[in-house]
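Engineer: One structure follows; several queries about it will come next.
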Amino acid sequence: MEPPARGDTGGGTSQAGARKRRPRRDNAACSGKLRWETDAGRLLLFRNPAWEPGPRPQHCPRDCFSLTSKNENARRPAAMSLFNTVRNTIVPVHKEGYPFVAAFFVASLVLGWIFEPLFWIGMIFTLWCAYFFRDPERVTPQDDDLVISPADGKVSAIQMVTPPAELNLGSEPMLRISVFMNVFNCHVNRAPMRGRIVSINYRSGSFVNAELDKASEHNERNGLVIETQHGQIGVVQIAGLVARRILCWANPNEPLDAGERFGLIRFGSRLDVFLPAGAAPRVSLGQTAVAGETVIAEFASAKGPVISRRS
């Protein structure tokens, strides 16, 4: 009887042994330089320079070693998923808020050196400051017939009024929609419509409560006139009772996309949007608006104002 073939694990025919016999490697073929490749997230080391890997091999070739364990491959997607979740949850802080956050933090350290409980009180204000200057991403509808809210906050006024004289929008009443921002709202301001900035006009004034109607006339403010497909519209940044600084980094003759950031008001304020004839309101008094997302008015619509119900 013929003895079992070399490499066989037990008895059987020579044919069975041949099937289980592993081919001998050609030492000359493996004497070349090592080459690195990747396959499905694994790091592979090839010893045979004559072997050329095909596009995205489905299995590890005979003359390669995987330097990445299966356990490591299993852990990597979970770790990346956790990292992405944390990154998407944390809202970035606008660069204009960095000095304020740093000042609050330093003040917390000084107060904590004097009396330890004051450190934790100061840290609460530091976190609030970072929250105030948050600058989240927004998904803005791209439709030239829609007017998007320029600010986060409560819709405080919807009425026909004469626009401020410095805007040069005429003396005829225009639809004004006002959004009031309290100290907990995001204060980054966004363009309500796509267009080109015609002019920017700043006017000093007082600092009464921005929620009051007289704030539009007496408070410090900064007005933008934007040329749109439906005519010129006005966007006015109004300082409030606590606000002492209006920021606007847009310039005349620059184009703006709907939802694009153009300014910021520090610590409580209000924005007024003046719209020409043909605009119909799409929000109600007391409604919460989201800058860059909430549709506050619409042009070229046969429908009248939308009626809302508080519940």
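Engineer: Where in region 117-144 does the label zone of Val110 land, with the point 7 angstrom along Cα→C-beta and an amide N cut-off under 17 Å?
Structural biologist: From region 117-144, the list is 117-126.
Engineer: Separate question: What's the FRET efficiency of Asn253 with Tyr202 using the Cβ-Cβ distance as r and R₀ = 22 Å, to the nearest 0.05?
Structural biologist: Numbers: r = 17 Å, r/R0 = 0.77.
So the FRET efficiency works out to roughly 0.85.
Engineer: Shape of region 214-255 from its Cα gyration tensor (a ≥ b ≥ c, root eigenvalues): rounded if a/c is under 1.5, otherwise prolate when a/b > b/c, or oblate? Kindly include the intermediate steps, with their values, before the conclusion.
Structural biologist: Numbers: a/c = 3.99, a/b = 1.74, b/c = 2.29.
Because a/c hits 1.5 or more and a/b fails to exceed b/c, region 214-255 counts as oblate.
Engineer: How do 137-150, 107-120, 182-195 rank on mean C-beta neighbours within 10 Å, highest first?
Structural biologist: 182-195, 137-150, 107-120
Engineer: Further question: Suppose every K and R has +1 on its Cβ and every D and E has -1 on its Cβ; what is the size of the dipole of region 184-275 about the Cα centre, in Debye to the nearest 20?
Structural biologist: Magnitude of the dipole: close to 240 debye.
Engineer: Non-local amide H neighbours of Arg194 (under 5 Å, H modeled in plane, Pro and chain starts lacking H): which ones?
Structural biologist: Ala258
Engineer: Considering the zone a paramagnetic label at Ala102 would reach in this model (a point 7 Å from Cα along the Cα-to-Cβ line), which residues of region 118-152 have amide N under 14 Å from it?
Structural biologist: Backbone N within reach: none found.
Engineer: How many percent of the accessible area of region 105-186 is carbon or sulfur, using a 1.4 Å probe? Don't skip to the answer; put the middle values down first.
Structural biologist: Working: 3000 of 4400 Å².
Its accessible area is 68 percent carbon and sulfur atoms.
Engineer: Subtract the Cα-Cα distance of Asn168 and Glu293 from 0.36 nm times their separation in residues, and report this length gain in nm to one decimal. Intermediate values should be presented prior to the final figure.
Structural biologist: On the way: separation 125, 0.36 × 125 = 45.00 nm, distance 2.81 nm.
Value of the extension gain: 42.2 nm.
The values are calculated or read from the model by the stated rules, or taken from the named source; none is laboratory data. As the structure is a prediction and not an experimental result, all values here were calculated from the model. So basically every Cβ, Gly included, is an ideal-geometry build from the backbone, and we count neighbours across all protein chains shown. Heavy atoms of the whole protein, side chains included, go into the accessibility calculation; ligands, DNA and RNA do not. Shrake-Rupley method; radii C 1.70, N 1.55, O 1.52, S 1.80 Å.
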